[in-house]
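Structure first, commentary second.
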Amino acid sequence: MNDIAVVDAAFGEDSYRISAKDDGLAPGAEMLKVDNVSLSFGGVKAIQNVSFDVKKGEIRAIIGPNGAGKTSMLNVINGFYHPQEGTITFRGEVRRKMRPYMAATQGISRTFQNVALFTGMSTLDNIMAGRTLKMHKNFFWQMLRYGPAMQEEIEHRRAVEQVIDFLEIEAIRKTPVGQLPYGLQKRVELGRALAAEPSLLLLDEPMAGMNLEEKEDMSRFIIDVNQQFGTTIALIEHDMGVVMDLADRVVVLDYGKKIADGAPAEVQANQNVIDAYLGVAH
């Protein structure tokens with residue numbers, strides 16, 4: 001029996017349960033705080049003095065017209081960009097220059113507006129990549145694929161198989177993701193982020209390019225991730241219907257500035273938000 005078969009044969013009992021990273025915070029406590037953040041690229045002000053927070057256990061939406069600075073804000077939160085002004089506080093610790101690997105280590109995972117998968121690798125292997133930071137056996141044992149390294153891989157595969165079952169993608173687990181339709185690729189990318197067991201999940205337009213049925217499926221998965229896994233979620237989304245159905249609170253950006261923040265119904269009725277989406281000049 002080869003190494004892959006040994007790992008495949010190791011699943012009789014479901015001894016591993018995926019869950020959000022334990023952060024010691026009580027439900028409703030402030031998990032993330034964005035404080036007076038400003039980001040510029042040359043003379044372009046992508047974000048201007050924006051502040052908001054994300055509380056443990058909620059689904060927090062960031063919305064706004066194209067060019068509002070939404071993706072730039074996610075890039076600041078997970079350390080891809082460093083703001084010229086302001087701070088990010090995560091789980092009570094201030095970060096002026098968060099690095100992406102630091103964010104991942106501390107429990108922040110994300111998906112991307114444009115799918116960023118290893119297209120030549122299978123669904124299983126792409127989701128397994130999300131477990132990389134949780135693998136602790138040294139390179140020697142990993143090369144041998146024997147003893148402690150094999151046992152570690154079996155444990156991580158249990159976690160990955162749970163994600164695959166949860167996302168209902170068993171049928172494509174061995175399929176190269178480059179052969180999958182776009183909607184399924186987005187689901188695989190969500191699976192890779194979930195495999196890291198984040199306490200905070202950042203979703204950049206998870207419904208982009210999907211038809212109605214795919215959006216309904218993705219909405220269901222996002223709600224279940226929040227409720228079953230206990231994962232706090234911050235998402236960017238253009239579909240206002242989806243945002244109103246999913247989000248506990250909504251922050252609205254326009255040309256890099258915050259123009260509204262509150263409950264979905266409150267934000268939806270805000271005249272500044274209405275004007276921004278209708279393109280009303282001031």
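Limited to the range 259-268, what total is found for residues that are over 22 Å from D224 (Cβ atoms), surrounded by 15 or more Cβ atoms within 10 Å (Cβ to Cβ) and not small (G, A, S)?
Here the count works out to 4.
Yes/no per residue for (1) under 21 Å from V34 (Cβ atoms); (2) crowded, with 21+ Cβ neighbours inside 10 Å; (3) of a type outside the set (V, I, T):
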| position | (1), (2), (3) |
| --- | --- |
| S219 | no, no, yes |
| T232 | yes, yes, no |
| D248 | yes, no, yes |
| K257 | yes, no, yes |
| N270 | yes, no, yes |
| I274 | no, no, no |
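Return yes or no: is E189 assigned to a loop (DSSP other than H, G, I, E, B), buried (at least 20 other Cβ atoms within 10 Å of the Cβ) and either more than 17 Å from the chain's Cα centre (by Cα) or of a type outside the set (F, W, Y) (or both)?
It is false that E189 is assigned to a loop (DSSP other than H, G, I, E, B), buried (at least 20 other Cβ atoms within 10 Å of the Cβ) and either more than 17 Å from the chain's Cα centre (by Cα) or of a type outside the set (F, W, Y) (or both).
Conditions (1) among the hydroxyl-bearing types (S, T, Y); (2) in a loop (DSSP other than H, G, I, E, B); (3) surrounded by 15 or more Cβ atoms within 10 Å (Cβ to Cβ); (4) on the phi < 0 side of the Ramachandran plot, marked per residue:
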position: V76; (1), (2), (3), (4): no, no, yes, yes
position: H82; (1), (2), (3), (4): no, yes, no, yes
position: K97; (1), (2), (3), (4): no, yes, no, yes
position: Y101; (1), (2), (3), (4): yes, no, no, yes
position: N114; (1), (2), (3), (4): no, yes, no, yes
position: F118; (1), (2), (3), (4): no, yes, no, yes
position: M128; (1), (2), (3), (4): no, no, yes, yes
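Would you be able to tell me the number of residues in the range 211-241 that are farther than 30 Å from G24 by Cα and not basic (K, R)?
So the answer is 10.
No lab work stands behind these numbers, since they all come straight from the coordinates. Just so it is clear, the structure is predicted and the values come from calculations on it, not from any experiment. Reconstructed Cβ throughout: ideal geometry from the backbone, glycine too, with neighbour counts over all protein chains shown.
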